[in-house]
C-alpha cells in the first residue's frame with residue numbers, strides 16, 4: 001500500500017467516525033427534544049387527529065387558533081405569566097438589595113460578629129428550602145399573608161448563595177479602589193452600589209438568571225401558600241389547568257404548556273452562554 | 001492587607017450594621033430560627049389549626065419508622081436516586097465526550113440537551129402525561145408499531161418509578177453534560193501530548209489514560225449534584241401520580257407535603273422533614289469536600 005492510499009484510508013476512517021458521532025448526537029437530540037416537538041404538534045391538532053393514531057408532526061387541519069384561544073380564555077394564562085414576572089422580579093430586586101450590602105460588609109469591613117454572620121451564611125447554604133416549609137407556612141399564617149404575593153416572596157429575600165457569591169467577587173476588588181472612593185467622599189452604601197456591584201457585573205447576571213429560573217419553575221412553595229387562581233405563578237397555573245382537564249382534551253392543554261414554558265426557553269435561546277454559566281454557578285452552592 | 005479606615009470602632013460597627021443588618025435579621029427569621037423550629041415541632045403532636053400542642057418526645061419518629069407508607073417512601077426515593085444518578089452521569093459523560101470529538105454543531109447539541117433543564121417541569125410533566133397516555137400516547141403507539149409490549153406506564157406499580165426516573169434523567173441530563181463539557185475544557189492539552197510521547201495515541205488510550213482520570217473530581221461533583229436533585233424529586237410525582245398507585249411512587253418530599261399540608265399532621269410532617277434534612281445535609285457536606293479538593297488540585 002502506498003503512503004497516499006494509507007492517508008486516504010485514514011481520512012475515510014476519520015470521516016466515518018465523525019459521521020457516527022453526529023448520528024449518535026442527532027439521535028439523542030431527537031429523543032431529548034421529542035417532548036417539546038410533540039407538545040407543539042399536539043397544540044396545533046384538532047381532537048380527532050389527536051385521538052386517531054398517526055405520527056404526523058403537522059396536522060391535516062390546523063387547529064392552532066382554537067386550541068390557543070381555548071387555553072387563553074378558559075384559565076387566565078397570561079395572568080399566570082404576569083404573576084411569574086411580578087414574583088420573580090420582586091424576589092430578585094429584594095435579594096440584590098439585601099445581599100449585596102451584606103456581602104460587601106463581609107468581604108471588606110472588619111467588625112465584631114463578622115465571622116459569626118459568615119458562619120450563619122454557610123449554614124444557610126446547607127439548608128434546602130423545603131425544610132423550612134412548615135415553620136414558614138406557620139409564620140405566613142401568623143402574619144396573615146397566606147394567599148398573597150408577599151407569601152410567595154418573603155422566604156427568598158435573603159439568599160445565602162447570593163451573599164456567598166457576591167462576597168467572593170467583592171473580595172477580588174482591590175482595597176486601594178475602596179480607599180480612593182472613601183477619600184472622594186463616597187458613603188459605604190454608595191461604594192456598594194456605584195463601585196462594587198458594577199465591578200461584579202458577571203456575578204450579578206449569573207445570580208439573576210439562577211434566581212429567576214429557580215423561582216419561575218418552583219411548584220412546591222406556591223402549592224402550599226396560594227389558593228386563589230388570580231395569584232398563581234405559572235407552574236401552579238398549569239397544575240390547575242391540568243386538574244380541570246381531567247379527560248384528555250390535549251390540544252388546549254398542550255397550548256397552555258407551550259405558553260408557560262416559552263418565556264424561559266426563548267430567553268435561553270437568546271442568551272445561551274449566560275444561562276449555562278449562571279445555572280452551573282448555581283450548582284456550586 | 002485591609003483597607004485603612006478612618007471610621008473606627010463603633011462607627012464601623014454601625015455601618016456594618018446598616019449594610020448587613022437586614023440580611024442578618026432575615027437570615028435568622030426566615031432560615032435559622034425556622035430550622036430550629038422544625039426540630040421543636042417534630043417532638044410535639046401539633047396539628048395546624050389546633051390551638052394546643054403537647055410534648056411527645058420521639059413518638060413521631062417511632063411512628064414514622066413503623067409507618068409502611070414512610071418506609072415505602074424512603075425505599076422509593078433511594079431507588080429513584082439509584083436509577084437516576086448512574087444513568088444521568090453516564091449518559092452526560094458519554095454525550096460530552098461525543099460533543100467534544102464531533103467538533104461542529106457543539107452549541108446546537110448543548111442547547112438541545114440543556115432545554116429540559118430550563119423548561120418549567122410542571123408544564124413538561126403534563127406533556128409527558130400526554131406522551132405516556134396508554135392508548136393515544138406516542139410512546140405506546142411507537143412500541144405497538146414495533147411490535148413491542150406496551151404498558152400503562154404511570155398507573156402500573158412495576159413501571160411507575162422507572163418511568164418517573166426516565167423523566168428525571170431527561171431533565172437532568174443536559175446539566176450533567178454542561179458540567180462535563182466544562183471539565184473537559186479544563187484538561188490541560190499538554191497532558192495529551194505527553195501521553196502521545198508515551199505511546200498512548202489511540203482515541204481509547206487517550207480516553208483511559210488522560211481524560212477519564214482527569215475528570216475524576218468533576219464526576220464526583222456531578223454525582224452529588226445529581227443525587228441532591230434526585231432526592232428532591234417532587235413536581236413530577238405530584239402532577240403525574242400523587243404517589244400512586246398503591247404508594248409505588250411515594251417519595252420523601254411528597255410524603256412531607258401530604259402529611260404536613262394535606263393531612264395537617266404538622267408534628268409528624270416535621271419528623272419527615274428532619275429525615276429529609278439529614279440526608280440532604282450529608283450530601284451537601286460531601287459536595288463541599290469534593291469542591292474543596294478540586295480547588296486544591298487544580
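Throughout, read-outs are computed from the coordinates displayed, never taken from laboratory work. Keep in mind it's a predicted model, so treat the numbers as computed, not measured. Positions of Cβ are generated from backbone atoms using ideal geometry, with glycine treated the same way; all protein chains shown enter the neighbour counts.
Remarks
- Contact order for segment A:3-70, expressed relative to its length and based on alpha carbon pairs under 8 Å spaced 6+ residues apart, stands at 25 percent.
- Tilt relative to chain A, helix A:64-74 - C-alpha long axis, 0 to 90 degrees, to 10: 40 degrees
- For chain B: relative contact order, % (alpha-carbon pairs under 8 angstrom, 6 or more apart): 28 percent
- Once the Cα atoms are used to define both axes, helix A:201-217 deviates from the longest principal axis of chain A by about 60 degrees.
- Neighbour-count ranking [beta-carbon atoms within 10 angstrom, fewest first] of A:58, A:80, B:261, A:169: A:58, B:261, A:169, A:80
- Rounded FRET efficiency, nearest 0.05, which uses the C-beta distance separating residue B:285 from residue B:200 and R0 of 41 Å: 0.65
- Counts of other chain beta carbons within 10 angstrom of each beta carbon in peptide A:103-111 average 6.
- Cα centroid of segment B:71-113 to Cα centroid of segment B:269-284, whole Å: 25 Å
- Pairwise FRET efficiency - residue A:12 versus residue A:249, Cβ, R0 = 60 Å, nearest 0.05: 0.65
- Computed FRET value (nearest 0.05) for residue A:205 with residue B:186, which takes r as the C-beta separation and R₀ as 30 Å: 0.85
- For chain B, calculated [θ]222 nm from helices alone, where every DSSP H run of n ≥ 4 adds -39500 (n - 2.57): -21500 deg cm²/dmol
- Averaging the Cα positions of each part gives two centres, and for segment A:174-250 and segment A:41-60 these lie 38 Å apart.
- Of the three principal axes defined by the Cα atoms of segment B:59-297, the extents in descending order read 66, 49, 26 Å.
- Folded to 0 to 90 degrees: helix A:250-270 orientation relative to chain A principal axis, Cα: 50 degrees
- Taking A:154, A:51, A:111, A:270 and counting other C-beta atoms within 10 Å, the order from fewest to most: A:270, A:51, A:111, A:154
- Multiplying the residue separation of residue A:34 and residue A:168 by 0.36 nm and removing their Cα-Cα distance gives an extension gain of 44.2 nm.
- Pairs of Cα atoms nearer than 8 Å and 6+ residues apart set the relative contact order; for segment A:75-283 it is 33 percent.
- Ranking of A:11, B:142 by count of other Cβ atoms within 10 Å, fewest first: A:11, B:142
- Modelled this way, with points 7 Å down the Cα-to-C-beta line, the labels at residue B:105 and residue A:228 are 5.0 nm from one another.
- Helical mean residue ellipticity (222 nm; -39500 (n - 2.57) per DSSP H run of 4+; nearest 500) of chain A: -23500 deg cm²/dmol
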